[in-house]
Amino acid sequence: MSSSPAPLKPADLPRHVAIIMDGNGRWAKQRFLPRPAGHRAGVGAVQKTVEQCIARGIEVLTLFAFSSENWRRPAQEVSLLMELFMLTLEHETKKLHNNGVRLRVIGDRKAFAPVLQEKIKEAEALTRNNTALHLVIAANYGGRWDLTQAARRLAEEVEAGRLQSQDITASMIESHLALADLPEPDLFIRTGGEQRISNFLLWQLAYTELHFSPLLWPDFDEAAFSGALTSFAGRQRRFGYTGDQIERNPAS
Ligand code: IPE
Ligand code: IPE
Ligand code: MG
(Lines give C-alpha, C1' and ligand atoms only; values in the text may rest on other atoms or scores of the structure.)
(Ligands and ions follow the chains in the order given, each with its own letter.)
Protein backbone atom coordinates (compact mmCIF):
# COMPACT_ATOMS: atom_id res chain seq x y z
CA MET A 1 0.00 0.00 0.00
CA SER A 2 1.61 3.25 -1.17
CA SER A 3 -0.57 5.76 0.64
CA SER A 4 0.75 8.06 3.37
CA PRO A 5 -2.26 10.17 4.30
CA ALA A 6 -2.07 13.78 5.46
CA PRO A 7 -2.27 13.92 9.27
CA LEU A 8 -5.76 14.27 10.73
CA LYS A 9 -6.57 13.32 14.32
CA PRO A 10 -8.45 9.99 14.48
CA ALA A 11 -11.17 11.71 16.51
CA ASP A 12 -11.75 14.12 13.62
CA LEU A 13 -12.23 11.35 11.08
CA PRO A 14 -15.61 10.02 9.99
CA ARG A 15 -16.31 6.42 11.01
CA HIS A 16 -18.47 5.90 7.94
CA VAL A 17 -18.05 7.57 4.54
CA ALA A 18 -20.76 7.14 1.88
CA ILE A 19 -20.01 8.14 -1.71
CA ILE A 20 -22.07 8.71 -4.85
CA MET A 21 -19.47 8.01 -7.50
CA ASP A 22 -20.82 10.22 -10.27
CA GLY A 23 -19.35 11.59 -13.49
CA ASN A 24 -17.96 8.53 -15.27
CA GLY A 25 -19.95 9.21 -18.42
CA ARG A 26 -18.84 12.85 -18.63
CA TRP A 27 -15.23 11.84 -17.97
CA ALA A 28 -15.39 9.57 -21.03
CA LYS A 29 -17.22 12.16 -23.13
CA GLN A 30 -14.52 14.77 -22.41
CA ARG A 31 -12.02 12.35 -23.95
CA PHE A 32 -14.22 11.42 -26.91
CA LEU A 33 -14.44 7.89 -25.50
CA PRO A 34 -17.55 5.74 -25.10
CA ARG A 35 -19.23 5.88 -21.66
CA PRO A 36 -17.99 2.38 -20.66
CA ALA A 37 -14.42 3.72 -20.72
CA GLY A 38 -15.47 6.12 -17.97
CA HIS A 39 -16.93 3.30 -15.88
CA ARG A 40 -13.72 1.30 -16.30
CA ALA A 41 -11.63 4.29 -15.25
CA GLY A 42 -13.91 4.67 -12.24
CA VAL A 43 -12.72 1.33 -10.86
CA GLY A 44 -9.27 2.89 -10.35
CA ALA A 45 -10.76 5.62 -8.18
CA VAL A 46 -12.56 2.95 -6.14
CA GLN A 47 -9.26 1.16 -5.49
CA LYS A 48 -7.56 4.40 -4.41
CA THR A 49 -10.41 5.35 -2.10
CA VAL A 50 -10.46 1.91 -0.48
CA GLU A 51 -6.70 2.17 0.14
CA GLN A 52 -7.15 5.62 1.66
CA CYS A 53 -9.86 4.39 4.00
CA ILE A 54 -7.73 1.45 5.18
CA ALA A 55 -4.68 3.66 5.66
CA ARG A 56 -6.68 6.11 7.76
CA GLY A 57 -8.58 3.56 9.81
CA ILE A 58 -12.03 4.56 8.53
CA GLU A 59 -14.42 1.79 9.58
CA VAL A 60 -17.05 1.79 6.83
CA LEU A 61 -17.05 2.90 3.20
CA THR A 62 -20.33 2.70 1.29
CA LEU A 63 -20.17 3.20 -2.47
CA PHE A 64 -23.19 3.77 -4.71
CA ALA A 65 -22.41 1.65 -7.76
CA PHE A 66 -25.80 1.20 -9.43
CA SER A 67 -29.10 2.73 -8.45
CA SER A 68 -32.55 1.19 -8.78
CA GLU A 69 -33.16 3.90 -11.42
CA ASN A 70 -30.04 3.09 -13.47
CA TRP A 71 -31.94 0.28 -15.24
CA ARG A 72 -33.44 3.14 -17.29
CA ARG A 73 -30.11 3.55 -19.11
CA PRO A 74 -29.50 2.03 -22.55
CA ALA A 75 -29.45 -1.78 -22.33
CA GLN A 76 -25.87 -1.87 -23.57
CA GLU A 77 -24.63 0.38 -20.78
CA VAL A 78 -26.55 -1.62 -18.18
CA SER A 79 -25.01 -4.89 -19.34
CA LEU A 80 -21.55 -3.35 -19.42
CA LEU A 81 -22.02 -2.16 -15.82
CA MET A 82 -23.15 -5.65 -14.75
CA GLU A 83 -20.18 -7.20 -16.52
CA LEU A 84 -17.81 -4.73 -14.88
CA PHE A 85 -19.29 -5.49 -11.48
CA MET A 86 -18.75 -9.20 -12.07
CA LEU A 87 -15.18 -8.77 -13.38
CA THR A 88 -14.23 -6.42 -10.57
CA LEU A 89 -15.53 -8.90 -8.00
CA GLU A 90 -13.51 -11.65 -9.68
CA HIS A 91 -10.31 -9.60 -9.86
CA GLU A 92 -10.45 -7.70 -6.61
CA THR A 93 -12.01 -9.98 -4.00
CA LYS A 94 -8.79 -11.81 -3.17
CA LYS A 95 -6.83 -8.57 -2.83
CA LEU A 96 -9.56 -7.03 -0.68
CA HIS A 97 -9.52 -10.14 1.48
CA ASN A 98 -5.73 -10.00 1.86
CA ASN A 99 -6.05 -6.38 2.93
CA GLY A 100 -8.58 -7.27 5.61
CA VAL A 101 -11.61 -5.81 3.87
CA ARG A 102 -15.08 -7.14 4.61
CA LEU A 103 -17.36 -6.84 1.61
CA ARG A 104 -21.11 -6.45 1.66
CA VAL A 105 -23.54 -5.72 -1.15
CA ILE A 106 -26.79 -3.91 -0.36
CA GLY A 107 -29.74 -3.56 -2.71
CA ASP A 108 -32.25 -5.83 -4.38
CA ARG A 109 -29.91 -8.47 -5.78
CA LYS A 110 -32.72 -10.69 -7.06
CA ALA A 111 -32.57 -8.67 -10.30
CA PHE A 112 -28.99 -9.78 -10.97
CA ALA A 113 -27.98 -12.79 -13.06
CA PRO A 114 -27.72 -15.92 -10.86
CA VAL A 115 -23.98 -16.18 -11.54
CA LEU A 116 -23.45 -12.61 -10.27
CA GLN A 117 -25.59 -13.33 -7.20
CA GLU A 118 -23.40 -16.36 -6.55
CA LYS A 119 -20.16 -14.34 -6.88
CA ILE A 120 -21.50 -11.77 -4.44
CA LYS A 121 -22.37 -14.48 -1.92
CA GLU A 122 -18.93 -16.05 -2.26
CA ALA A 123 -17.13 -12.72 -1.80
CA GLU A 124 -19.22 -11.88 1.27
CA ALA A 125 -18.62 -15.33 2.76
CA LEU A 126 -14.86 -15.22 2.13
CA THR A 127 -14.42 -11.81 3.72
CA ARG A 128 -16.98 -12.02 6.52
CA ASN A 129 -14.48 -12.08 9.40
CA ASN A 130 -12.30 -9.21 8.17
CA THR A 131 -12.10 -6.06 10.24
CA ALA A 132 -9.76 -3.55 8.53
CA LEU A 133 -12.59 -1.91 6.56
CA HIS A 134 -16.24 -2.69 5.95
CA LEU A 135 -16.78 -2.02 2.25
CA VAL A 136 -20.44 -1.75 1.30
CA ILE A 137 -21.40 -1.70 -2.37
CA ALA A 138 -24.88 -0.36 -3.07
CA ALA A 139 -26.03 -2.10 -6.24
CA ASN A 140 -29.59 -2.02 -7.51
CA TYR A 141 -30.05 0.01 -4.36
CA GLY A 142 -32.53 2.79 -3.73
CA GLY A 143 -33.34 4.53 -0.45
CA ARG A 144 -37.05 4.13 -1.24
CA TRP A 145 -36.57 0.40 -1.84
CA ASP A 146 -34.74 0.12 1.49
CA LEU A 147 -37.55 1.87 3.39
CA THR A 148 -40.22 -0.09 1.51
CA GLN A 149 -38.71 -3.46 2.38
CA ALA A 150 -38.36 -2.38 6.02
CA ALA A 151 -42.04 -1.33 6.07
CA ARG A 152 -43.03 -4.64 4.51
CA ARG A 153 -41.15 -6.64 7.13
CA LEU A 154 -42.74 -4.67 9.97
CA ALA A 155 -46.17 -5.13 8.37
CA GLU A 156 -45.53 -8.90 8.33
CA GLU A 157 -44.85 -8.76 12.08
CA VAL A 158 -48.14 -6.91 12.59
CA GLU A 159 -50.04 -9.38 10.39
CA ALA A 160 -48.59 -12.28 12.33
CA GLY A 161 -49.83 -10.70 15.56
CA ARG A 162 -46.33 -10.27 16.98
CA LEU A 163 -46.41 -6.48 16.88
CA GLN A 164 -48.99 -3.73 17.38
CA SER A 165 -48.84 -0.90 14.85
CA GLN A 166 -48.86 1.73 17.64
CA ASP A 167 -45.68 0.17 19.07
CA ILE A 168 -43.65 0.76 15.91
CA THR A 169 -40.65 3.01 16.67
CA ALA A 170 -38.01 4.71 14.57
CA SER A 171 -35.41 2.27 15.87
CA MET A 172 -37.55 -0.69 14.70
CA ILE A 173 -37.65 0.78 11.20
CA GLU A 174 -33.90 1.34 11.39
CA SER A 175 -33.28 -2.23 12.46
CA HIS A 176 -34.82 -3.48 9.20
CA LEU A 177 -32.77 -1.24 6.92
CA ALA A 178 -29.84 -2.53 4.89
CA LEU A 179 -27.16 -0.88 7.08
CA ALA A 180 -28.88 -1.60 10.41
CA ASP A 181 -25.79 -2.96 12.13
CA LEU A 182 -23.37 -0.24 10.97
CA PRO A 183 -22.88 3.33 12.21
CA GLU A 184 -24.76 5.94 10.19
CA PRO A 185 -22.67 7.73 7.55
CA ASP A 186 -20.82 10.69 9.06
CA LEU A 187 -19.64 12.04 5.73
CA PHE A 188 -21.40 11.89 2.35
CA ILE A 189 -19.42 12.72 -0.77
CA ARG A 190 -20.85 13.17 -4.25
CA THR A 191 -18.52 13.73 -7.16
CA GLY A 192 -19.47 15.03 -10.58
CA GLY A 193 -20.80 18.40 -9.47
CA GLU A 194 -24.48 17.51 -9.01
CA GLN A 195 -25.90 18.43 -5.63
CA ARG A 196 -28.56 15.81 -5.07
CA ILE A 197 -29.11 12.52 -3.23
CA SER A 198 -30.51 10.52 -6.19
CA ASN A 199 -32.36 8.04 -3.96
CA PHE A 200 -29.23 6.97 -2.05
CA LEU A 201 -29.39 6.35 1.72
CA LEU A 202 -32.50 8.43 2.46
CA TRP A 203 -33.05 7.49 6.10
CA GLN A 204 -29.41 7.08 7.06
CA LEU A 205 -28.28 10.47 5.72
CA ALA A 206 -30.53 12.40 8.12
CA TYR A 207 -27.57 13.90 10.03
CA THR A 208 -24.71 13.21 7.65
CA GLU A 209 -22.35 16.02 6.65
CA LEU A 210 -22.60 16.60 2.90
CA HIS A 211 -19.61 17.27 0.63
CA PHE A 212 -19.99 17.90 -3.09
CA SER A 213 -16.94 17.70 -5.34
CA PRO A 214 -16.86 19.10 -8.87
CA LEU A 215 -14.36 16.39 -9.89
CA LEU A 216 -15.59 13.58 -12.09
CA TRP A 217 -15.34 10.23 -10.28
CA PRO A 218 -12.34 8.80 -12.22
CA ASP A 219 -10.40 11.99 -11.30
CA PHE A 220 -11.25 11.75 -7.59
CA ASP A 221 -7.82 11.15 -6.07
CA GLU A 222 -6.08 11.09 -2.70
CA ALA A 223 -5.88 14.89 -2.51
CA ALA A 224 -9.60 15.21 -3.20
CA PHE A 225 -10.45 12.62 -0.55
CA SER A 226 -8.13 14.35 1.94
CA GLY A 227 -9.87 17.64 1.13
CA ALA A 228 -13.26 16.11 1.93
CA LEU A 229 -11.94 14.74 5.24
CA THR A 230 -10.40 18.09 6.16
CA SER A 231 -13.66 19.87 5.40
CA PHE A 232 -15.48 17.30 7.59
CA ALA A 233 -12.99 17.78 10.44
CA GLY A 234 -13.72 21.51 10.48
CA ARG A 235 -17.48 21.18 10.94
CA GLN A 236 -19.49 21.32 14.12
CA ARG A 237 -22.16 18.62 14.15
CA ARG A 238 -25.03 19.82 16.32
CA PHE A 239 -27.77 17.16 15.99
CA GLY A 240 -30.36 19.72 17.08
CA TYR A 241 -28.39 21.05 20.07
CA THR A 242 -27.02 24.59 20.16
CA GLY A 243 -23.38 25.25 19.36
CA ASP A 244 -22.78 26.27 23.01
CA GLN A 245 -24.17 22.97 24.27
CA ILE A 246 -21.86 21.04 21.98
CA GLU A 247 -18.82 23.10 23.04
CA ARG A 248 -19.61 22.56 26.73
CA ASN A 249 -20.14 18.83 26.32
CA PRO A 250 -18.87 17.51 22.99
CA ALA A 251 -20.28 14.04 23.74
CA SER A 252 -23.91 15.29 24.12
C1 IPE B 1 -21.82 7.23 -12.29
O2 IPE B 1 -21.42 7.91 -13.42
C3 IPE B 1 -21.83 5.74 -12.48
C4 IPE B 1 -23.18 5.15 -12.48
C5 IPE B 1 -24.30 5.77 -12.32
C6 IPE B 1 -23.23 3.72 -12.69
P7 IPE B 1 -22.46 8.30 -14.55
O8 IPE B 1 -22.52 7.19 -15.53
O9 IPE B 1 -23.76 8.71 -13.97
O10 IPE B 1 -21.73 9.55 -15.20
P11 IPE B 1 -22.40 10.87 -15.76
O12 IPE B 1 -23.22 11.47 -14.66
O13 IPE B 1 -23.25 10.47 -16.93
O14 IPE B 1 -21.25 11.72 -16.14
C1 IPE C 1 -26.41 8.15 -8.93
O2 IPE C 1 -25.90 8.69 -10.11
C3 IPE C 1 -26.23 6.68 -8.91
C4 IPE C 1 -24.85 6.18 -8.90
C5 IPE C 1 -23.75 6.87 -8.87
C6 IPE C 1 -24.73 4.76 -8.91
P7 IPE C 1 -26.84 9.05 -11.36
O8 IPE C 1 -25.95 9.63 -12.38
O9 IPE C 1 -27.63 7.86 -11.76
O10 IPE C 1 -27.81 10.14 -10.74
P11 IPE C 1 -28.77 11.19 -11.48
O12 IPE C 1 -29.58 10.41 -12.46
O13 IPE C 1 -27.88 12.19 -12.17
O14 IPE C 1 -29.55 11.81 -10.38
MG1 MG D 1 -24.48 10.49 -13.36
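The values are calculated or read from the model by the stated rules, or taken from the named source; none is laboratory data. The structure presented is a predicted model; accordingly, all values stated were derived computationally and were not measured. Positions of Cβ are generated from backbone atoms using ideal geometry, with glycine treated the same way; all protein chains shown enter the neighbour counts. When the accessible area is computed, the model is the full protein with side chains, heavy atoms only, and any ligands, DNA or RNA have been set aside. Shrake-Rupley method; radii C 1.70, N 1.55, O 1.52, S 1.80 Å.
When the gyration tensor of region 21-155 is built from Cα positions, what are the square roots of 5 times its three eigenvalues, in whole Å, from largest to smallest?
Values: eigenvalues 105, 90, 41 Å².
After diagonalising the Cα gyration tensor, the semi-axes are 23, 21, 14 Å.
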Taking only protein heavy atoms into account and a 1.4 Å probe, give the accessible area per residue of the chain in Å². 53 Å²
By the mean-Cβ-within-10 Å protection proxy, highest first, 142-148, 238-244 rank as 142-148, 238-244
Among Ala233, Ala223, Ala123, which one shows the highest mean-square fluctuation when the chain is modelled as a Gaussian network with alpha-carbon springs under 10 Å? Ala223
Considering only DSSP beta bridges with both partners in the chain, what is the antiparallel share in %, to the nearest 5? 0 percent
What nm value, rounded to one decimal, do you get for the distance between Glu159 and Asp221 when each label is placed 7 Å out toward the C-beta? 5.4 nm
So what's the back-of-envelope 222 nm ellipticity for the chain, counting only DSSP H runs of four-plus at -39500 (n - 2.57) apiece and dividing by all residues, rounded to 500? -13500 deg cm²/dmol
Enter the Cα centre distance for the pair region 81-138 and region 207-249, rounded to the nearest angstrom. 28 Å
Given Lys94/Lys121; Lys9/Lys48; Lys9/Lys95, the pairs whose alpha carbons are separated by over 25 Å: Lys9/Lys95
Note down the accessible area of Phe212, probe 1.4 Å, to the nearest 10 Å². 60 Å²
Spatially proximal aspartates and glutamates relative to Lys119 (Cα-Cα < 16 Å; intrachain offsets below 8 disregarded): Glu83, Glu90, Glu92, Asp108
Given the options Gly107, Gly234, Gly161, state which has the largest fluctuation in a GNM of the chain using a 10 Å cut-off (strictly under) for Cα springs. Gly161
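Determine the gain in length on full extension of the stretch Lys110-Gln149; use 0.36 nm per residue of separation and subtract their C-alpha separation, reporting nm with one decimal. Don't skip to the answer; put the middle values down first.
Working: separation 39, 0.36 × 39 = 14.04 nm, distance 1.33 nm.
My answer for the length gained is 12.7 nm.
Express the Stokes-Einstein translational diffusion coefficient of the chain in µm² s⁻¹, to the nearest whole number, given a Kirkwood radius over alpha-carbon pairs, 37 °C and a viscosity of 0.692 mPa s.
The diffusion coefficient I find is 169 µm²/s.
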Tell me the relative contact order for the chain as a rounded percent, counting alpha carbon contacts under 8 Å between residues six or more apart. 28 percent
Return the distance in nm (one decimal) between the two label points of a simple spin-label model at Arg248 and His176, each offset 7 Å from Cα along Cα→Cβ. 4.0 nm
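Could you tell me the relative contact order of region 81-172? Use alpha-carbon pairs under 8 Å, at least six residues apart, and round to a whole percent.
Working: 78 pairs, mean separation 28.5, N = 92.
Normalised by residue count, the contact order of region 81-172 is 31 percent.
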